[in-house]
Amino acid sequence: MDLDVVFFGTSGSVPTAQRAPSSLLVRRGGERLLFDCGEGTQRQLLRSSVGLVELPEVFISHYHADHYLGLPGMLKTFALRGRELPLTIYGPSGLKELFGALRRVFGKLTYPLELEELRPGDVLERPEYNLVTFPVAHAVQSLGFALVEHPRPGRFDVEGADALGVPSGPERGLLQSGESVTLDDGRVVTPDEVLGPARAGRKIVLSGDTAPSATVLEAARGAEVLVHEATFLGEERERAQETGHATALEAAEIARDADVALLALTHLSNRYFGPEVAREARTIFPDTVVPKDFDVIDVPFAERGAPQLVKGGVVHRRETPEPAPEPEAVQ
């Protein structure tokens, strides 16, 4: 099952020429989960190879404008395209009040819109993973999110199955999915006879905006990827504390103490460039990256390698140039 993180907005409170405000897409198999929707998110999607897909769910970490201002335009675009698929938006307390005001902006929709307010500690259970919410330390009520996959069955012992007389075919698939099978001679073979120890699933943790927090540290333990904000460098630590943000050094300390495989720093102030943020964090946690917009982090299963940053992983590359516009007729 493919799993990756796509960065569409990596700037802090304001956009820059190279970075848009907060927006991030998690892709798991055919699922698409959007976390935060800063100004211009729909255009970032359109500029990428992902495209403006009909997202079924959007998760908002908190209600500072740089994390939700892209929603009204995107909702309206979906309606203008005649969308009918329901859309659910999740966020902390206050979501319904916010949309009471935003409805005046995007107007009537062609599809059902559901609003779900979440509390810290709420868990959204899915067939193969859970989305776990946790509190963070920001200036307003804000949520972090952890995508935690369920444990996977152990490796299938082909030689053991052969020795037990399990035929190739559906029986082996049933055993791999955890079901016992009855052979033609009446013997019952149980999964534990042909499967090794269960293997851990993957975990991705998204801090949202936060000062250093014990709740982020606990949520991130053993994660393959921790996406943590780094609005400031260490020289601005007091400013970070005043505004409920973190420095690159503080994020690196969390990643080190949580024993994560890869730290991705985002929400950069426009006073900094990515390389200087990465250099500072790597003095404490070497496995740190600072993604740009349209970068991707691929998250394989542990036995297949470590998470990897793919630069420009969803940059849209046209195979042929767009044709020049026809000259307008003179009236």
The correct count of residues that are closer than 19 Å to GLY9 by Cα and either open to solvent by less than 20 Å² (accessible area, probe 1.4 Å) or in a strand (DSSP E or B) (or both) in the range 67-89 is 7
Matching residues in the range 285-300 (of a type in the set (A, V, I, L, M) and in contact with a helix residue (DSSP H, G or I) (Cβ under 6 Å, 6 or more places away or on another chain)) number 1
Residue pairs within 6 Å by beta carbon, gap of at least six or interchain, first lying in the range 266-288 and touching a residue at least 24 places away in the same chain (Cβ under 8 Å) and on the phi > 0 side of the Ramachandran plot, second outside any loop (DSSP other than H, G, I, E, B) and buried (at least 16 other Cβ atoms within 10 Å of the Cβ), listed first then second, are HIS267/GLU229
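Residue-wise test of (1) open to solvent by 10 Å² or more (accessible area, probe 1.4 Å); (2) within 30 Å of MET1 (Cβ to Cβ); (3) assigned to a loop (DSSP other than H, G, I, E, B); (4) among the aliphatic types (A, V, I, L, M).
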{"position": "GLU236", "(1), (2), (3), (4)": "yes, no, no, no"}
{"position": "ILE254", "(1), (2), (3), (4)": "yes, yes, no, yes"}
{"position": "ARG271", "(1), (2), (3), (4)": "yes, no, yes, no"}
{"position": "GLU280", "(1), (2), (3), (4)": "yes, no, no, no"}
{"position": "LEU309", "(1), (2), (3), (4)": "yes, yes, no, yes"}
Listed by range, helices (runs of 4 or more DSSP H) wholly within the range 93-201 having at least 1 residues that are over 30 Å from THR77 (Cβ atoms) are 158-164, 170-176
Just one listed residue, out of LEU34, LEU24, LEU75, LEU71, is over 28 Å from ALA240 (Cβ atoms) and at pLDDT 95 or above, and it is LEU75
Of the residues in the range 1-42, those that are free of Cβ contacts under 8 Å to residues at least 40 places away in the same chain and either in a strand (DSSP E or B) or touching a strand residue (DSSP E or B) at 6+ places or on another chain (Cβ under 6 Å) (or both) number 8
Exercise. Mind checking whether some residue in the range 94-114 is within 33 Å of the chain's Cα centre (by Cα) and in contact (Cβ under 8 Å) with a residue 40 or more places away in the chain?
Worked result: yes
field: GLY165 farther than 18 Å from ASP259 by Cα, open to solvent by 30 Å² or more (accessible area, probe 1.4 Å) and without any contact (Cβ under 8 Å) to a residue 12 or more places away in the chain
entry: no
Could you go through the range 47-54 and let me know if any residue there is touching a residue at least 60 places away in the same chain (Cβ under 8 Å), polar (S, T, N, Q), part of a loop (DSSP other than H, G, I, E, B) and touching an Asp or Glu at 6+ places or on another chain (Cβ under 7 Å). no
Scanning the range 98-133 for residues that are surrounded by 12 or more Cβ atoms within 10 Å (Cβ to Cβ) and among the charged types (D, E, K, R), the one nearest to VAL205 (Cα to Cα) turns out to be ASP122
When restricted to VAL260, VAL227, VAL216, the only residue among the aliphatic types (A, V, I, L, M), under 26 Å from GLU149 (Cβ atoms), part of a loop (DSSP other than H, G, I, E, B) and touching a residue at least 40 places away in the same chain (Cβ under 8 Å) is VAL260
Filtering the range 1-31 down to residues that are β-branched (Val, Ile, Thr), open to solvent by 10 Å² or more (accessible area, probe 1.4 Å) and touching a Gly at 6+ places or on another chain (Cβ under 9 Å) yields none
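The values are calculated or read from the model by the stated rules, or taken from the named source; none is laboratory data. Please read these numbers as outputs of a predicted model, since none were measured by experiment. All Cβ positions, even for glycine, are placed from backbone atoms using ideal geometry, and neighbour counts span all protein chains on display. Please note that ligands, DNA and RNA were not included when accessible areas were found on the heavy atoms of the full protein model with its side chains. Shrake-Rupley method; radii C 1.70, N 1.55, O 1.52, S 1.80 Å.
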